[in-house]
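Peer 1: What follows is a structure written as structure tokens; I'll ask about it next.
The values are calculated or read from the model by the stated rules, or taken from the named source; none is laboratory data. Because the structure is predicted, anything quoted here is derived from the model rather than measured. Glycine also receives a Cβ, built like all others from the backbone with ideal geometry; neighbour counts cover every protein chain displayed.
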Amino acid sequence: MSELLIALGLVAGAAIVHELGFWAGALKRAPDEAFDRQIALVRGSTAALVAFLIGFAFSGAASRFIDRLDIIVKEANALGTAYLRADAIAQPQRDQLKAAIREYTTDRVELLSGKNRDRIEPLLAKASGLHERMWTSAIKATQDNAPLMGVVLPPINEVIDLHSVHLAMARRHLPLPIMVVLLATAAIGFGLIGFGNGRSNRRFVLLDSVYGIVLAVALWMTIDMDYPGIGMIRVGNLPYVETLTPMK
């Protein structure tokens, strides 16, 4: 629902600023060739700036999106490795460690399923307790056995470290001031198009609608990709699902 509201808000915003520009242009309809040339220059320059800002923002959002995907794969691989290496330790710590890893992986599947968003905070809060369970079981099982420690502890340590990295990546977005400047510049640029139409007292409904929709879609995709937990463009939980399957 939130992604639909964002898309509708962008389209509605484009329509509003265009109409405001048209109204302002209609108030200054007196012929002025020098003024019209200046308006055309500013309008073209603003459109170029909007294209640059959208390209910059989209590139950053896409880069962060790919980084999030890479972190998920690394974390899933670390969980799978930790689960397999748990076979190297004795009971009862073996079953304790495997149970904690399995529960942790199950929580990861739910966390990135896109359902029950109210469960996100409880699952994140639960992670530290599972980290402690995994680490405690591994330490008890490998105590006074340095070679075994070198086998069992590294993937568990990696799982714990990657949790912090994953959280940091999930919270990393385009800085708010840049987003505000991007939206404001896009609004000014589209408003200037309406201003020019108002000056000539002509409406180019089809052309302006196409441009407005394309602009809104480009902005929406940039925002949606930068917030993969709430939008349509999501990071999936498939690596965790594939890792969890053998654990069952």
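Peer 1: Just a yes or no: is a residue in region 161-179 closer than 30 Å to residue 35 by Cβ and of a type outside the set (S, T, N, Q)? Working first, answer last.
Peer 2: Taking region 161-179 as the starting set, the residues that turn out to be closer than 30 Å to residue 35 by Cβ are none.
The answer is no; no qualifying residue exists.
Peer 1: OK, next. Sort out which residues of region 122-154 are within 25 Å of residue 110 (Cα to Cα) and of a type in the set (Ser, Thr, Tyr), and write them in order of number.
Peer 2: Within region 122-154, 128, 136, 137 qualify.
Peer 1: Could you please give the count of residues in region 1-45 that are part of a helix (DSSP H, G or I) and within 13 Å of residue 196 (Cα to Cα)? Steps first, answer last, please.
Peer 2: First, pick out the residues of region 1-45 that are part of a helix (DSSP H, G or I): 2-27, 33-45.
Those left that are additionally within 13 Å of residue 196 (Cα to Cα): 17-27, 33, 35-44.
Count: 22.
Peer 1: Any idea which of 189, 198 is within 25 Å of residue 4 (Cβ to Cβ) and in contact with a Leu (Cβ under 8 Å, 6 or more places away or on another chain)? I'd like the intermediate steps shown before the answer.
Peer 2: On the way: 198 fails: within 25 Å of residue 4 (Cβ to Cβ).
So the residue among 189, 198 that is within 25 Å of residue 4 (Cβ to Cβ) and in contact with a Leu (Cβ under 8 Å, 6 or more places away or on another chain) is 189.
Peer 1: Hey, another quick one. Where in region 166-248 are there helices (runs of 4 or more DSSP H), lying wholly inside it, with at least 1 residues that are of a type in the set (Ser, Thr, Tyr) and buried (at least 20 other Cβ atoms within 10 Å of the Cβ)? So that I can check it myself, show each step before the final result.
Peer 2: Details: elements: 176-200, 205-226, 238-247.
Here the list reads 205-226, 238-247.
Peer 1: Okay, moving on. Looking at the structure I just gave you, is residue 87 among the acidic types (Asp, Glu), in contact (Cβ under 8 Å) with a residue 12 or more places away in the chain and out of contact with any strand residue (DSSP E or B) (no Cβ under 6 Å at 6 or more places or on another chain)?
Peer 2: Numbers: among the acidic types (Asp, Glu): yes; in contact (Cβ under 8 Å) with a residue 12 or more places away in the chain: no; out of contact with any strand residue (DSSP E or B) (no Cβ under 6 Å at 6 or more places or on another chain): yes.
When the stated conditions are applied, residue 87 does not pass them.
Peer 1: Next question. Residue 88 - would you say it is over 19 Å from residue 231 (Cβ atoms), at pLDDT below 95 and of a type in the set (A, V, I, L, M, F, W, C)?
Peer 2: Values: over 19 Å from residue 231 (Cβ atoms): yes; at pLDDT below 95: yes; of a type in the set (A, V, I, L, M, F, W, C): yes.
Yes.
Peer 1: Quick check: is even one residue across region 219-228 in contact (Cβ under 8 Å) with a residue 60 or more places away in the chain and more than 30 Å from residue 115 (Cβ to Cβ)?
Peer 2: Keep residues of region 219-228 that are in contact (Cβ under 8 Å) with a residue 60 or more places away in the chain, which gives 219-226, 228.
From what's left, more than 30 Å from residue 115 (Cβ to Cβ): none.
Scanning region 219-228 turns up no residue that is in contact (Cβ under 8 Å) with a residue 60 or more places away in the chain and more than 30 Å from residue 115 (Cβ to Cβ).
Peer 1: Here are 141, 100: which of them is assigned to a helix (DSSP H, G or I), buried (at least 18 other Cβ atoms within 10 Å of the Cβ), of a type in the set (Gly, Ala, Ser) and at pLDDT 95 or above? Quick ask: steps written out before the conclusion?
Peer 2: Details: 141 fails: at pLDDT 95 or above.
So the residue among 141, 100 that is assigned to a helix (DSSP H, G or I), buried (at least 18 other Cβ atoms within 10 Å of the Cβ), of a type in the set (Gly, Ala, Ser) and at pLDDT 95 or above is 100.
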